[in-house]
Amino acid sequence: MGKTYEGGVPLAEVIRSGFVEGVHRGSVVVLDATGGVLAAAGDVQAPIFPRSSNKPMQAVGMLRAGLPLTDPADLALVAASHAGEEFHLARVAGLLAHAGFDQTALHCPPDLPVGEQARAAVLRAGGGPTRIQMNCSGKHAGMLLTCRAAGWPVDGYWRPEHPLQQRLRAAVEEFTGEDAAAVGVDGCGAPVLAGSLTGLARAYLRLVEAEPGTVPGMVAGGMRAYPEIVGGTEADDTRLMRGVPGLLAKVGAEGVIAAALPGVGAVALKIDDGAARPRMPVLVSALHRLGVDAPVLAEFAETPLFGGGLPVGATRPLW
């Protein structure tokens, strides 16, 4: 299998009432505009599962295989980990209906929305888990539409040996510049491909540098034009793209995020314990190394820690 991930270094500390309560370890790489490594910490060459941070490259693979979508908002949805807000669900349902599917065709498991407000609204209304509410339903809808357009069987579209997944693997490997080191099953049931953080950052840099009108340019452009579809009204990657014009960003489960800005560079990181709270502060520190500055970065520079409903500390970067 080759080199395995050896773990990272201390990237963030948790301060409660002036006391260091804990430390989050992880790995992070910063690439300059040419793709050279500007800074790095931890293990940035060994493979990790980028989880949903792979979705933009998978969307490129779908378009190349015949996905019949040109609306930038639809392309953002196919690359999304959506919060399950009403506008997300309506758009997924519309894509499915247009191709003659309903949500029973989705292989992703029934779930409640990942967005706190959307989840609370479903529960208040007496609702429960559904496939369309699962945060990857946009990606799965795109997979179904691609199979229909390419003439491939819909049955088993999520299996690694299916021609659809072979095309998506080829796109991920092309953009990362690496052969997939491992193939796993993601939370949505579709394949997840392992690659290094350096390869992931390289892929995002290639996406943002793509010419408008090209397939990768269409995906990156759709995500940046409709950031609220990529995540949700209050999602971290959505707020980041709103606040830094031209930035492409996408979170992944287990403490992963990747971001890139054309002409500037790219960042990819993983928090070893999978925690979300240190992810944005470490990303902000990495973006500052590229000279990126915007008010939204100050909002993410530390993650507040509460006690008794009042702020008593924060998670802040060490790197």
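The values are calculated or read from the model by the stated rules, or taken from the named source; none is laboratory data. Predicted, not measured: the structure shown is a model, and the values here were computed from it. Using ideal geometry, Cβ is built from the backbone for each residue, glycine included, and neighbour counts are taken over all protein chains shown. All accessible areas refer to the heavy atoms of the entire protein, side chains included, with ligands and DNA or RNA removed. Shrake-Rupley method; radii C 1.70, N 1.55, O 1.52, S 1.80 Å.
M241 accessible area, nearest 10 Å², 1.4 Å probe?
10 Å²
Would you mind working out the magnitude of the charge dipole of region 112-177 relative to its Cα centre, with +1 at each Lys and Arg C-beta and -1 at each Asp and Glu C-beta, to the nearest 20 Debye?
220 debye
If each of L38 and D273 carries a label point 7 Å out from its Cα toward its Cβ, how far apart are those two points in nm?
Computed distance between label sites L38 and D273 equals 2.9 nm.
Give the relative contact order (percent, whole number) for region 1-53; include only Cα pairs under 8 Å separated by 6+ residues.
Dividing the mean separation by the residue count of region 1-53 yields 34 percent.
Relative to the first principal axis of the alpha-carbon coordinates of the chain, what is the inclination of helix 197-209, with its axis defined by its Cα atoms, in degrees from 0 to 90 and to the nearest 10?
Roughly 60 degrees between the two axes.
Using only C-alpha atoms and all pairs of different ones, pull out the Kirkwood radius for the chain in Å with one decimal.
With all distinct Cα pairs of the chain included, I get 19.6 Å.
Bins of 10 Å, beginning at zero and ending with the bin holding the largest distance: percent of Cα pairs per bin for region 228-302, please.
All Cα pairs, binned at 10 Å, distribute as 21, 60, 20, 0 percent.
Could you name the lysines in cross-link range of K270, using Cα to Cα under 20 Å and dropping any fewer than eight places away on the same chain?
K3, K55, K250
In whole Å, largest first, what are the principal axis extents of the Cα atoms in region 20-81?
Its Cα atoms span 50, 33, 20 Å along the three principal axes.
Can you tell which of A301, G195, C147 lies farthest toward the positive end of the dipole of the chain, using +1 and -1 charges on the Cβ of basic and acidic side chains (Lys, Arg; Asp, Glu)?
Of the listed residues, the answer is C147.
Build a GNM of the chain with springs between Cα atoms under 10 Å: which of A298, A225, A170 gets the top mean-square fluctuation?
Sorting by GNM fluctuation, first place goes to A298.
Can you send over the carbon and sulfur percentage of the accessible area for the chain, probe radius 1.4 Å, protein chains only?
That share works out to 54 percent.
Below 8 Å, C-alpha to C-alpha, sequence gap of six or more: please give me the relative contact order for the chain in percent.
Reported as a whole number, the value is 25 percent.
Specify the residue with the greatest mean-square fluctuation among A268, A39, A260, computed from a Gaussian network of the chain linking alpha-carbon atoms under 10 Å apart.
Largest GNM mean-square fluctuation: A39.
Are there cysteines in the chain with no other Cys C-beta under 4.7 Å, and if so, which?
C147
Hey, what do the phi angles of region 64-70 turn into as Karplus ³J(HN,Hα) couplings, whole Hz, using 6.51/-1.76/1.60 and θ = phi - 60°, x for Gly and Pro?
Rounded to whole hertz, the list is 5, 8, x, 3, x, 10, 10.
What does the charge dipole of region 261-319 about its Cα centre add up to, to the nearest 20 debye, if the Cβ of each Lys and Arg holds +1 and the Cβ of each Asp and Glu holds -1?
Charge dipole of region 261-319: 80 debye, to the nearest 20.
Kirkwood Rh over Cα pairs of region 1-158 into Stokes-Einstein at 25 °C, 0.890 mPa s: D in µm²/s?
Answer, rounded: 134 µm²/s.
Tell me, what is a quarter of the convex hull surface for the C-alpha atoms of region 167-249, in nm² with one decimal?
6.0 nm²
Name the residue farthest towards the positive end of the dipole of the chain from the options G100, V208, G232, assuming +1 on Cβ of Lys and Arg, -1 on Cβ of Asp and Glu, about the Cα centre.
G100
Quick one: give the max-minus-min coordinate of the C-alpha atoms of region 116-217 along each principal axis, largest first, in Å.
For region 116-217, the Cα extents along the three principal axes come out at 47, 32, 31 Å.
Can you compute the charge dipole magnitude of the chain about its Cα centre, using +1 on each Lys and Arg Cβ and -1 on each Asp and Glu Cβ, nothing else charged? Give it in debye, rounded to the nearest 20.
180 debye
Which one of P110, G84, F19 has its Cα pushed farthest toward the positive end of the charge dipole of region 1-135, where Lys and Arg give +1 and Asp and Glu give -1 at the Cβ?
P110
Can you tell me which of G127, G184, G309 moves the most in a GNM of the chain? Springs connect C-alpha atoms under 10 Å apart.
Of G127, G184, G309, the most mobile in the Gaussian network model is G309.
So, for the chain, what is the accessible surface per residue at a probe of 1.4 Å, expressed in square angstrom?
Averaged over the residues of the chain, the accessible area is 40 Å².
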